[in-house]
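Heads up, the thing below is written out as structure tokens.
The values are calculated or read from the model by the stated rules, or taken from the named source; none is laboratory data. Keep in mind the model is a prediction, meaning the values are calculated, not measured. Here Cβ is always computed from backbone atoms with ideal geometry, including for glycine, and neighbour counts include all displayed protein chains.
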Amino acid sequence: MKLLRYFLALAAAAGMVLSCDPVDPTPVTPSDGNNDHVSGITYQLNVYSFADSDGDGWGDIKGITQHLDYLDSLGATSLWLSPVQTSASYHGYDVLDYYSISPKLGTEADFQDLIDKARAKHIDIYMDYVLNHSGRGEWFNAAVSSPSNAYSNYYVLSDNWAADVAAGKIDNYAGATSPGMGSWYSVASGDIGYKGRVHIKVDMNSRTLLVTETTDAIQSPNNSNPECWIWYGSISQHCGLYTTGSKVYEITLDMDTSWGMLVCTSTNWADGTKWGGDGSSLSFGAPFKLNNSTAADITFGGKSIWYFASFDKSMPDLNYGPYAKASESAAFKDLAASADKWINMGVNGLRLDAVIWIYQNQTAANTTFLKQWYDRCNTTYKARGGEGDIYMVGEAWCDSAEQMAPYYKGLPSNFNFYYWYTLKDRILNGKGCDFAKTVMYFRNLFKTNRADFIDAIKLTNHDENRAGSDLGRNKDMMKLAGAVLLTSPGKPFIYQGEELGYWGEKSKGDEYVRTPIKWTANGSVPSRALNGKVDNSMLSAAISVENQAADESSILSVYRKFGQLRNQYKALGINGDITSHPEFNEKSPESLKSAGVWYREYDGQKVLVVHNFGSGEISLTFKNDKLDNMLASNGNVSVFFKENLQMGPYSSAVFLQ
């Protein structure tokens with residue numbers, strides 16, 4: 001590039017007139033009311049750590065409403081909210097009541113207000129829906145209380161699960177003799193809970209628990225860094241015990257629990273050792289042996305019963321019966337009725353969690369179930385007067401794109417994890433020449449299963465290492481990843497903080513990949529839900545929205561520029577297709593292997609997209625393409641002689657054809 005500029009300077013000195021001025025990109029401005037809103041961009045946010053409207057340290061629904069302008073500036077046309085229903089944990093994937101909004105996040109009125117104000121900005125709201133399992137709430141407690149209870153068919157229950165599995169009686173296995181993932185856990189059915197005044201003594205020397213009924217005065221919970229806690233109650237409240245001897249802890253309290261209790265050495269359920277029983281019930285006044293391997297609930301009477309959970313004992317799997325008639329099951333009807341409520345309030349889409357485990361990784365069974373669920377929800381959506389069809393995307397996280405593709409028989413959209421795996425590999429290896437070919441392969445693969453498929457492309461999400469970590473915290477690589485995502489075909493999902501260059505590794509704990517947004521340079525972040533598990537060294541003033549919004553070279557500015565561009569040009573939007581460039585492709589010479597070049601086209605509009613996936617400069621000559629209208633660029637990009645394109649490391653450019 002230096003040699004070319006030197007030549008141009010000499011030519012100018014000699015009086016030669018050349019059409020060689022670099023072409024400046026047309027500025028892209030935020031939404032002004034003339035935006036076509038065709039980007040298809042969805043912003044994934046963790047409600048509990050996105051924005052805090054009331055200063056209690058916990059993100060909430062009102063916080064989202066207050067930042068709709070920010071989301072609009074990214075070109076977002078929809079928001080995927082982490083579960084907002086009442087749940088037992090901070091993350092919300094153990095739902096206790098599918099019909100209510102978690103009080104920690106706001107009210108139903110807050111949710112309606114968000115839907116309405118987002119709609120005014122042409123932004124849809126998508127709810128995260130957990131169909132594979134629930135939390136251990138009223139449904140579960142009722143289910144295990146009696147075999148004749150109305151909820152006993154809502155869960156995968158058995159008195160003798162080994163025999164039932166061998167006999168093919170477990171509908172959720174869909175004919176398999178062993179689960180793809182998960183375990184059986186024991187609880188006591190019958191009078192498993194207790195309400196009354198008790199004295200509790202935990203002796204960790206002998207690993208025993210002694211519970212006695214009493215009329216003594218109650219004690220307040222010990223909140224001064226206790227060494228031992230108990231967990232109990234309908235929504236798992238915790239209570240600190242007092243140290244009365246070496247590794248001996250006691251308290252007198254009024255207990256009201258529908259499921260029993262557990263002993264823990266920390267307030268945070270993810271920390272310390274959890275102690276329970278072996279499935280048997282305790283007797284008042286008799287020592288109860290604590291167990292930290294099985295750690296079954298410590299219950300008050302009843303008989304032992306087993307339940308199945310794909311993930312954790314706190315999240316029992318729901319039971320929909322034989323998959324061909326799943327929609328006729330009581331659990332399906334109840335869940336569908338809850339979805340009806342939110343759809344009728346104005347929700348326009350659902351993200352379905354863990355769909356491959358509903359019938360234990362049995363593809364045909366799962367897709368049959370999902371089609372029933374989609375058709376049921378779409379019927380409600382259309383009856384409400386919804387435009388087109390409801391959007392629904394599945395987390396069908398399989399080992400390969402080929403294994404995931406059949407899930408398009410059940411749903412119109414599925415997350416393309418393999419898009420990110422490919423993009424990450426190409427950026428780290430400086431190879432872009434075959435990227436378009438790979439994307440086209442994915443699209444053709446999905447099309448064989450569903451003609452009107454919607455490819456949900458993404459970098460990372462709340463269950464993966466951050467893209468920033470995968471890319472070695474290299475800001476130029478992160479900018480390139482964002483620019484490639486937003487110039488690719490499909491429906492892009494931007495994960496909270498990705499647009500700011502966040503990093504984080506899942507191995508350190510899920511919380512570290514669910515980091516709060518730092519809105520101002522010196523302000524606090526909503527980290528209360530994460531129990532302080534936040535990398536504060538990352539959340540510096542420089543990474544804040546405030547500072548990056550004022551910096552045209554920031555990662556945020558790249559996302560805003562390309563997000564708005566995608567909204568303003570239909571060829572780049574959700575309906576635009578992709579074709580390879582006839583010259584710069586997988587057959588390019590070694591010196592140009594870093595160039596990723598393709599066309600996006602829709603309804604008579606066509607754009608040329610060019611990315612440099614490498615760490616060095618490249619020069620490309622386009623004889624048959626127009627380079628005189630550059631719509632946007634990232635990094636060092638220059639056009640000379642209207643056909644020579646000079647691109648710096650990890651740079652991007654888009655041209656209208």
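Of all residues in the stretch 394-405, how many are crowded, with 20+ Cβ neighbours inside 10 Å and assigned to a helix (DSSP H, G or I)?
Number satisfying all stated conditions: 2.
Inspect all residues belonging to the stretch 501-510 and state whether any of them is in contact with a strand residue (DSSP E or B) (Cβ under 6 Å, 6 or more places away or on another chain) and not assigned by TED's automatic domain parsing to the domain that holds residue 588.
The answer is no; no qualifying residue exists.
Just give me the residues in the stretch 577-600 being of a type in the set (Gly, Ala, Ser), surrounded by 18 or more Cβ atoms within 10 Å (Cβ to Cβ) and outside any strand (DSSP E or B), in sequence order.
588, 594
Please go through (1) under 23 Å from residue 653 (Cα atoms); (2) modelled with pLDDT of 95 or more for residue 45 and return the number of the only condition it doesn't satisfy.
All conditions pass for residue 45, except number (1).
Could you list, ordered by first residue, the pairs with Cβ atoms under 7 Å in which the first is in the stretch 423-450 and closer than 30 Å to residue 410 by Cα and without any contact (Cβ under 8 Å) to a residue 40 or more places away in the chain and the second is part of a helix (DSSP H, G or I) and among the polar types (S, T, N, Q), at least 6 apart or interchain?
Partner pairs satisfying both residue conditions: 438/422.
Among the residues of the stretch 403-446, how many are basic (Lys, Arg) and more than 17 Å from residue 579 (Cα to Cα)?
Total satisfying the criteria: 4.
State the number of residues belonging to the stretch 291-337 that are in a helix (DSSP H, G or I) and of a type in the set (Asp, Glu).
Going through the stretch 291-337 one residue at a time, the tally reaches 2.
Got a sec? Which of 235, 230 is at pLDDT 90 or above and within 24 Å of residue 94 (Cβ to Cβ)?
230
Output the number of the condition that residue 251 fails; it satisfies all remaining conditions of (1) outside any strand (DSSP E or B); (2) modelled with pLDDT of 95 or more.
Residue 251 satisfies every listed condition except (1).
Go through the stretch 99-172 and tell me which helices (runs of 4 or more DSSP H), entirely inside it, have 2 or more residues that are in the same structural domain as residue 493 (by TED's automatic domain parsing), under 26 Å from the mean Cα position of the chain (by Cα) and touching a residue at least 24 places away in the same chain (Cβ under 8 Å). So that I can check it myself, show each step before the final result.
Details: elements: 108-120, 138-145, 161-166.
Fully inside the stretch 99-172 and qualifying: 108-120.
Among the aliphatic types (A, V, I, L, M), under 30 Å from residue 219 (Cβ atoms), in a loop (DSSP other than H, G, I, E, B) and modelled with pLDDT of 90 or more: is that true of residue 286 in this structure?
yes
Could you identify the single residue in 478, 440 that is farther than 26 Å from residue 180 by Cα, of a type outside the set (Asp, Glu), touching a helix residue (DSSP H, G or I) at 6+ places or on another chain (Cβ under 6 Å) and not assigned by TED's automatic domain parsing to the domain that holds residue 618?
478
The rows are residues; the columns are (1) over 20 Å from the mean Cα position of the chain (by Cα); (2) modelled with pLDDT of 95 or more; (3) of a type in the set (Val, Ile, Thr).
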site	(1), (2), (3)
406	yes, yes, no
422	no, yes, yes
432	yes, yes, no
441	yes, yes, no
448	yes, yes, yes
470	no, yes, no
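Say whether the condition of being closer than 23 Å to residue 634 by Cβ and either under 20 Å from the mean Cα position of the chain (by Cα) or not charged (D, E, K, R) (or both) is met by at least one residue in the stretch 502-515.
yes
Residue-wise test of (1) of a type outside the set (D, E, K, R); (2) more than 30 Å from residue 617 (Cα to Cα); (3) out of contact with any strand residue (DSSP E or B) (no Cβ under 7 Å at 6 or more places or on another chain).
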residue	(1), (2), (3)
371	no, yes, yes
383	yes, yes, yes
407	yes, yes, no
428	yes, no, yes
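State which residue is surrounded by the most Cβ atoms within 10 Å (Cβ to Cβ) when the search covers only the stretch 89-139 and only residues that are under 16 Å from residue 60 (Cα atoms) and small (Gly, Ala, Ser).
In this case the residue turns out to be 92.
Being over 30 Å from residue 257 (Cα atoms) and charged (D, E, K, R) is the filter; apply it to the stretch 142-200 and report the residue that is surrounded by the fewest Cβ atoms within 10 Å (Cβ to Cβ).
Only one residue fits best here, namely 169.
Assuming residue 642 fulfils every condition listed in (1) modelled with pLDDT of 95 or more; (2) on the phi > 0 side of the Ramachandran plot apart from one, which condition is it?
Condition (1) is where residue 642 drops out.
Return the residues of the stretch 518-533 that are crowded, with 20+ Cβ neighbours inside 10 Å and of a type in the set (A, V, I, L, M); say none if nothing qualifies.
Of everything in the stretch 518-533, those that are crowded, with 20+ Cβ neighbours inside 10 Å and of a type in the set (A, V, I, L, M) turn out to be 525, 529, 530.
Which members of the stretch 601-628 meet the condition of being surrounded by fewer than 15 Cβ atoms within 10 Å (Cβ to Cβ), in a loop (DSSP other than H, G, I, E, B) and either outside the structural domain of residue 583 (by TED's automatic domain parsing) or not charged (D, E, K, R) (or both)?
604, 615, 616, 624
From the list 313, 333, 325, which one is basic (Lys, Arg), outside the structural domain of residue 365 (by TED's automatic domain parsing) and in contact (Cβ under 8 Å) with a residue 24 or more places away in the chain?
Just a single option satisfies the conditions, and that option is 313.
Quick one: which of 464, 499 is surrounded by 21 or more Cβ atoms within 10 Å (Cβ to Cβ), under 19 Å from residue 46 (Cα atoms) and touching a helix residue (DSSP H, G or I) at 6+ places or on another chain (Cβ under 9 Å)?
Residue meeting the stated conditions: 499.
Looking at this structure, is residue 483 touching a Phe, Trp or Tyr at 6+ places or on another chain (Cβ under 6 Å), farther than 29 Å from residue 367 by Cα, at pLDDT 95 or above and not acidic (Asp, Glu)?
Yes.
Among the candidates 243, 215, single out the residue that is in contact with a strand residue (DSSP E or B) (Cβ under 9 Å, 6 or more places away or on another chain), outside any loop (DSSP other than H, G, I, E, B) and free of Cβ contacts under 8 Å to residues at least 24 places away in the same chain.
243
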